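For reference, the structure is listed below as structure tokens.
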């Protein structure tokens, strides 16, 4: 055990260049462990460029790794992210793509997989074509939807507990607001076709994070320090496979 604790993972080597990246974080173990890793991956070479072990996912972590890459000499041409609040500012000045998978998940969280309200059903249809449509067509459909359901969205109900007015359909409103907020970042990959921008972070979710979690699961009982070293070893060698 002592030998494992003293093992040092080789350092990551860098070849600064123009890059298009996908960024996301994953957590493993029990919630109380507060152990996760934020990863930046190059789309073209599939190389894991840089990462940071974290206890919680913050905008500052993203900003820190971005600055580290820039300081190393990389030129970030684009970034694909999950739309976490505040991230757009962290990558200001760089073409940003909001992950379509995460956007659909956000809408699903608000209106469910099988919505009962007609407004939710119609909104779900619009979102289902997100990857198949153009920005102009998407905006047009969203505008038409809003005009049809504007009064519905503005409906208010008196709370039985507080006696105050509140929106009757807050979740549908939140789903719509999410799309409006993220709209400037949903079609970046089509605006910059020459950059080969990914419209999802799935290459991290399925291609990297699932293996990391499996490793941690297979090596139950390892100390936090050894888990970190195991992940470091995997990420350093990921692109060499």
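No value in this document is a laboratory result; all are computed from the given coordinates. This structure is a prediction, so every number in the text was calculated from the model and none was measured. When we count neighbours, we look across all protein chains shown, and the Cβ atoms used for this are built from the backbone with ideal geometry, even at glycine.
Checking the a/c ratio against 1.5 first, then a/b against b/c, what shape does the Cα gyration tensor give for region 166-228? Taking the square roots of the gyration eigenvalues as a ≥ b ≥ c, region 166-228 is oblate. Diffusion coefficient (Stokes-Einstein, Kirkwood radius over C-alpha pairs, 25 °C, 0.890 mPa s) for the chain: 122 µm²/s, rounded to a whole number. Going by the alpha-carbon gyration tensor, a ≥ b ≥ c the square roots of its eigenvalues, is region 1-116 rounded (a/c under 1.5) or, if a/c is not under 1.5, prolate (a/b greater than b/c) versus oblate? Oblate shape, in that a/c is at least 1.5 and b/c is the bigger or equal ratio. The order of 168, 133, 37, 161, going from fewest to most other C-beta atoms within 10 Å of their C-beta, is 161, 168, 133, 37. May I ask you to derive the relative contact order of region 110-240, considering only C-alpha pairs under 8 Å and at least 6 residues apart, and to give it as an integer percent? 17 percent. Between the Cα long axis of helix 135-154 and the first principal axis of the chain there is an angle of about 50°, rounded to the nearest 10.
Compared with the dominant Cα axis of the chain, that is its longest principal axis, helix 118-128 is turned about 40°.
Pair-distance distribution P(r) for region 100-184, from all Cα-Cα distances in 10 Å bins starting at 0: 16, 50, 25, 7, 1 percent. Of 203, 56, 159, which has the largest mean-square fluctuation in a 10 Å C-alpha GNM of the chain? Judging by the Gaussian network model, the answer is 159. Distance from the Cα centroid of region 135-161 to that of region 40-63 is 36 Å (rounded to whole angstrom). Computed per residue of the chain from DSSP H runs no shorter than four, each worth -39500 (n - 2.57), the mean residue ellipticity at 222 nm is -13000 deg cm²/dmol. Taking only Cα atoms, what is the 0 to 90° angle, nearest 10, from helix 100-111's long axis to the longest principal axis of the chain? Taking Cα atoms only, the helix is inclined about 50 degrees.
Springs between alpha-carbon pairs under 10 angstrom, Gaussian network model over the chain: which of 201, 157, 80 fluctuates most? Maximum among the listed residues: 157. Between 11, 210, 120, the residue with the greatest mean-square fluctuation in the GNM of the chain (Cα pairs under 10 Å linked by springs) is 11.
Cβ-to-Cβ counts within 10 Å put 10, 44 in ascending order as 10, 44, the fewest first. The mean sequence distance of close C-alpha pairs (under 8 Å, at least 6 residues apart), as a share of the length of the chain, puts its relative contact order at 24 percent. Taking every C-alpha pair closer than 8 Å and separated by at least 6 residues, the mean separation divided by the residue count of region 19-61 gives a relative contact order of 35 percent. Restricting attention to the chain, close to 70% of DSSP beta bridges with both partner residues there are antiparallel.
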